[in-house]
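The values are calculated or read from the model by the stated rules, or taken from the named source; none is laboratory data. Here the structure is a predicted model, which means the values were calculated and not measured. Neighbour counts run over all protein chains shown; Cβ positions are idealised from the backbone, glycine included. Just the protein is used for accessible areas: all its heavy atoms, side chains included, with ligands, DNA and RNA removed. Shrake-Rupley method; radii C 1.70, N 1.55, O 1.52, S 1.80 Å.
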Amino acid sequence: MIESKKLKRILGFAPAYGAAVGLVVSGTAMFSVGNVGGTAGYAAWIAAAIALIPMMAAAFAYGELTAMLPGGGMISDYTMPALGRFWGTFALLSGYVLLIACDGGTQLVMGGLSMESLLGIPQPVVTIGLLIIILLINIFGVEFYGKTEAVVTVAMMITFAILAILGYAGVGESYGATPINENLSFLPEGGWVTVFGTVGVAIWFFIGFEFACPMAEENKKPYKNIPYGLILGLITIYAIDIIFSAASVKYTPLEVLQTSAIPHVAASEAMLGFAGGIVMSCLTIAASFTTANAYCAALPRMLYGMARENLVPQCFAKIHPKYRTPIYGLIFTTLLILITVVYITMNGADVNLVLTFIMTACITWMVSYAIAMIDVMVLRKKYPDFPRLWKAPIAFVSLPIGIIGVIYAIWTLQDYWVYALICMGVVALYALIWMKAHGISLTEKMPLEDITRDIRERSEYLAVWDEEVEEWLSRKAK
């Protein structure tokens, strides 16, 4: 493939870290922090720590898989040589298209509502305006995206951390904040059963950290920058979230945290006064921007990789002739988010509707995480000598623990099983029909050699990885 048709390899560690935390510092993630705090009380940090275990295992898995196969197809590239084409298609579409369909619009609506409360600008106007800006950013080039995401994400992280620390330190008491749950028992009503029951919701603290992986074809050292970006992102988010959660519980009525559609804004106002509420409203707007920005950067590149394997329509393999971005994937992602925006807006952005959307996405998303962890173990057995420039530590211990953690988290979300099963059933039906119509075997596992050659053909030169893979291919050919 000629160079002008390839994605440019120009990103470093900062955009990888920014993409890893860009979704985690989001409106719905901060909503979950407040909601879990309202239910688990001061023990919320334990629920978050339990949720962090399978998420860290998943980060290990994605780190190794990205180092092996630094392509835009991400989970489909990883799964096809391990479990076959059907599961590769299913993992991507059920885990990520549904995630973006459920969560993308929800994020922008929350940002629009926050802007409406601040300035009185109607939520639909703000939401649609943000979506248009994001589309233009991603059309005009990933370099602009990377710089924008990194700057905005760092600013958000610092702001959120400051709010959490100031709130926990009691600074707001000088401005009228009153601790109302200071003497609250460590365990909530219902004890450990209640705490463990919030693990599924706490998983959402870490939503989408792996969205740095599809940008591997544009990263200068994806085998180093992406794994460490994922791990550092998870640790950063956990530390900040548990501080904010503890401060929220100290100053905010628990019933408000449990029932509010914006508990993080209510908590900020309770712990830091009117100024705290204003700052958190602004942060929610910025978070909705970075989340949708990350979605519009990642999903088109996943579809780009899948289209190369004829698993989705070929239009997704086309890139803009001037800006070299996956234009049709961007348009599709934007329309997907827009549909969700319209539906949620027409239904009044009800808190139960928000929970249904994000918890349904959480289940389907965790299934794809389990598949990624299985991929690593299968590929370790099937291709033990393939170059791995970064390896998951003690994979045959850490990854099974991660899978068990995912299963437990899904178990705690029983109220949303039906919605998730319907969504995954639709995806499975699409995969079956598409593959049958195009004569693609459902069970055939794509040789790792073929995927490696395809990534090399469609990507710009990648130092170290290209040399080691070339040597491996030469050995296989003998």
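Summary of values
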{"quantity": "Surface share of carbon and sulfur [accessible, 1.4 angstrom probe, percent] for the range 275-348", "calculated": "70"}
{"quantity": "Dipole magnitude of the chain, debye to nearest 20 (Cβ charges: Lys/Arg +1, Asp/Glu -1, about Cα centre)", "calculated": "1320"}
{"quantity": "Net charge, I165 excluded, C-beta distance under 14 Å - Lys, Arg +1, Asp, Glu -1", "calculated": "0"}
{"quantity": "Per residue Cα convex hull volume in Å³ - calculated over the range 276-339", "calculated": "90"}
{"quantity": "Burial ranking of peptide ranges 265-278, 400-413, 282-295 (average Cβ count within 10 Å, highest at the top)", "calculated": "282-295, 265-278, 400-413"}
{"quantity": "Residue-normalised accessible area of the chain, expressed per residue, 1.4 Å probe, Å²", "calculated": "36"}
{"quantity": "Where labels lie 7 Å past Cα in the beta-carbon direction, separation of A275 and A477 in nm", "calculated": "6.7"}
{"quantity": "Gain upon complete extension [D385, L421; 0.36 nm per residue less C-alpha separation]", "calculated": "9.2 nm"}
{"quantity": "Total formal charge among the other residues, if their Cβ is under 15 angstrom from that of M30, Lys/Arg +1 and Asp/Glu -1", "calculated": "-3"}
{"quantity": "Dipole of the range 231-380 [Lys/Arg +1, Asp/Glu -1 at C-beta], most positive-end residue of I331, L232, G276", "calculated": "I331"}
{"quantity": "Cα-based shape type of the range 382-438, given that a ≥ b ≥ c are square roots of the gyration tensor eigenvalues and the cut on a/c is 1.5", "calculated": "oblate"}
{"quantity": "Overall dimensions of the chain as given by Cα atoms, namely Rg and Dmax in Å", "calculated": "21.7, 76"}
{"quantity": "Solvent exposure, largest accessible area first (probe 1.4 Å, DNA, RNA and ligands not counted), of M80, M56", "calculated": "M56, M80"}
{"quantity": "With 10 Å bins from 0: P(r) over the range 408-478, alpha-carbon pairs, percent", "calculated": "15, 25, 21, 26, 13, 0"}
{"quantity": "Stretch gain in nm, segment E470-L353, where the contour uses 0.36 nm per residue and the Cα spacing is subtracted", "calculated": "37.1 nm"}
{"quantity": "Alpha-carbon centroid distance for the pair the range 243-322 / the range 39-79, whole angstrom", "calculated": "17"}
{"quantity": "Alpha carbon convex hull of the range 325-478, projected area averaged over orientations, nm²", "calculated": "13.0"}
{"quantity": "Accessible surface ranking that places the most exposed of K250, K382 first, with a 1.4 angstrom probe", "calculated": "K382, K250"}
{"quantity": "Accessible carbon and sulfur surface of the range 180-270 relative to its total accessible area, %, 1.4 Å", "calculated": "63"}
{"quantity": "Calculated over the range 36-132: convex hull of Cα atoms, volume per residue (Å³)", "calculated": "156"}
{"quantity": "Order of exposure, largest accessible area first, which applies to L69, L338 with probe 1.4 Å", "calculated": "L338, L69"}
